[in-house]
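Below is one structure, written out as structure tokens, with a few remarks after it.
We did not get these values from a lab; they are worked out from the coordinates using the rules stated. Everything numeric here is computed off the predicted structure, so don't read it as measured data. Using ideal geometry, Cβ is built from the backbone for each residue, glycine included, and neighbour counts are taken over all protein chains shown.
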Amino acid sequence: MRTSGPSPLQTITLLLVAGGLLLLALGGYLNPVANAVLEPLLGAQGWLYTRFQTMQDFFSASSDLAALRLENAELRAENAQLQTDLIAAQQQANEIELLSALLDFARARPQDQYQAAAVISRDPSPFLQYVIINRGSDDGIRRGMPVVAQGGLVGRVSQVTASAARVELITDAAAQVSVSLQPSEVDGLLTGSLTGDLSIGLIPQDSALQSGDLVLTSGIGGQYPANILIGQVNTVRQEATELFQSASVQPVVDFTRLEVVLIIINFQPVDLSPLLEDGNTSP
């Protein structure tokens, strides 16, 4: 069975219709029809485009957010490292300043020989004032050796082990230091207290003592070398009914921030205990 193609009449009709539509389109007569047909298509296309753009922005924003979080974490890590470096640099500068001050102190007293030591522990009791240093008998440290810091007198070695030593601070209640006040040239006895405050007693009533006078070791008693700075007179207490006047002292050493000290290793303290014991037991 053979299928016949379009007849010539049909072909001519289709050509006429196509030509007519073309002429109508060129004349603009089909624009309302085209607009009516294309408007829903364009609306659908616009809706699809906005949804596609929204999805693209969402995935792009998620990627940007992850990048921002990563960058923020890197900046935080960099900032933490910079802060660590700054703290280390500040500590190094403080150590250099401290060592420089200790060197200046040592140069000011060339007659003494020193052994540097670090403070490794402090007394936890509020009633005792001492520190532990990382030098002991293996380093030539002996009981009774004076200890100084960059400002002045700290105390003396009271107990020694092979690798460490205990330093009794002059602020301890049991500590006593013979002192000389300048410029009045008056002698007195410096003592500590349970609170860590310093005071001077046994000052004659007729002594011209005033606030601001310097307090130095006198060397009397042989426990400390002479002329080591301790501090300044803060307030003077004088009562007419008392045999002696007294004074409070502001030390030059900050005992709460001791880090490095110097032990005077060539000073031999005088042991007066046999003489004191004989005096106490003599009839």
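In a fully extended conformation the segment linking Asn266 and Ile12 would gain 78.1 nm over its present Cα-Cα distance, using 0.36 nm per residue. The simple Förster model, with R0 at 22 Å and r as the Cβ-Cβ distance, assigns Gln176 and Arg143 a FRET efficiency of 0.85. Taking Cα centre as origin and charging only the Cβ of basic (Lys, Arg, +1) and acidic (Asp, Glu, -1) residues, the dipole magnitude of segment 114-270 rounds to 500 debye.
The label-point distance for Leu65 and Ala208, in a model that sets each label 7 Å from Cα toward Cβ, rounds to 8.3 nm. Peptide packing for 110-119, 218-227 was compared via the average number of neighbouring C-beta atoms within 10 Å per residue; ordered from the highest value, the list is 218-227, 110-119. Can you tell me the FRET efficiency between Thr235 and Gln111 if r is taken as the Cβ-Cβ distance and R0 is 35 Å, rounded to the nearest 0.05? After rounding to 0.05, the efficiency reads 0.55. Summing +1 for each Lys or Arg and -1 for each Asp or Glu among the other residues whose beta-carbon sits under 15 angstrom from that of Thr171 gives -1.
In plain terms, the chain from Leu194 to Arg76 could stretch by 37.8 nm, reckoned as 0.36 nm per residue minus the Cα-Cα distance. Distance from the alpha carbon centroid of segment 111-172 to that of segment 207-231 works out to 20 angstrom.
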